[in-house]
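Worksheet: the structure to be examined is printed underneath.
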Amino acid sequence: MYNATEQFAEINKAGYDNAVKLATMSLDKAEQLAKLNLQAAKIVLENGVYTANAVAGIKDVQELAAVRAKLTEAGVQNALGYSRGVYQIASEAQADFSALAEQAWAAYTKGFAVWVDNATKNAPAGSDVAVTALKSTVAATTAAFDQFSKATKQVVSFADASVRAAAANAANAANAIKPTGKGRKAA
């Protein structure tokens, strides 16, 4: 015998399981970001000590220019490294969340389709129009989600390519500011 309550309980359990997975993934990504931030804070502290020692040892203007260029390059490289780390975590999170959403939607759609089939079999006589409308709505919703999912993947792919290109350009710009060893001599 058909029991709608059991099917709804199964759908709710799947929703609960997905909520737990989502919370776990969110906490994992927050932990990764916290570790990255702690590592960045340590690097900033180390660079501050290095900078203080380097500035204290400057003897002339030429050495000041060299130290300044070296510190600028190190700062740019650190910023690029941090940005890459944040981007990596965000990309992984997006991929994980998308996979979970697709998995949840597929399970929900399958469960709902089973429910519709069972409801159709147990529908009273004369409800053919309502049943057909319900099936049509489910099919249209599934098709719309599939199109939305494909479009989202394309946007994410484009954004990823854009970010990677911007990072490469920033790295090239950072390399362009490296000191050449040439400079004016102090008078």
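In the structure displayed, which of Lys29/Lys153; Lys13/Lys153; Lys42/Lys70; Lys21/Lys153; Lys110/Lys135; Lys121/Lys150 lie more than 24 Å apart, Cα to Cα? Result: Lys13/Lys153; Lys121/Lys150 exceed 24 Å. Distance between the C-alpha centres of the stretch 112-153 and the stretch 1-57: 36 Å, rounded to the whole angstrom. If you run the Gaussian network model on the chain, springs between alpha carbon atoms under 10 Å, then out of Ala74, Ala168, Ala130 the most flexible one is Ala130. Nearest 10 degrees is fine. How inclined is helix 128-176 to the longest principal axis of the chain, computing both from alpha carbons? That works out to roughly 10 degrees. For the stretch 14-176, the alpha carbon positions stretch 97, 29, 14 Å along the principal axes, listed from largest to smallest. Segment Asn47..Val67, full-extension length gain: 5.9 nm, with 0.36 nm per residue of separation and the alpha-carbon distance subtracted. For the stretch 26-36, putting each phi into the Karplus relation 6.51 cos²θ - 1.76 cosθ + 1.60 with θ = phi - 60° gives couplings of 4, 5, 4, 5, 5, 5, 4, 5, 5, 4, 4 Hz, in residue order, rounded to whole numbers and with x for Gly and Pro.
Computed from label points 7 Å out along Cα-Cβ, the spacing between Val86 and Ser136 is 5.0 nm. Once the trypsin sites (Lys or Arg not before Pro) in DSSP loops with at most 14 neighbouring Cβ atoms within 10 Å are cut out of the chain, the longest remaining piece is 60-181. Comparing Ala107, Ala19, Ala176 in a Gaussian network model of the chain (Cα springs below 10 Å), the most mobile by mean-square fluctuation is Ala176.
Simple spin-label estimate for Met25 and Ala101 gives 0.9 nm between the two label positions (7 Å along the Cα-to-Cβ direction from each Cα).
If contacts are Cα pairs under 8 angstrom and at least 6 residues apart, what is the relative contact order of the stretch 14-176 in percent? Reported relative contact order: 37 percent.
Any read-out appearing in this document is the output of simple, stated calculations on the displayed coordinates, not a laboratory observation. Being a predicted model, the structure only gives us computed values, none of them experimental. Glycine gets a Cβ as well: all are built from the backbone with ideal geometry, and neighbour counts include every protein chain shown.
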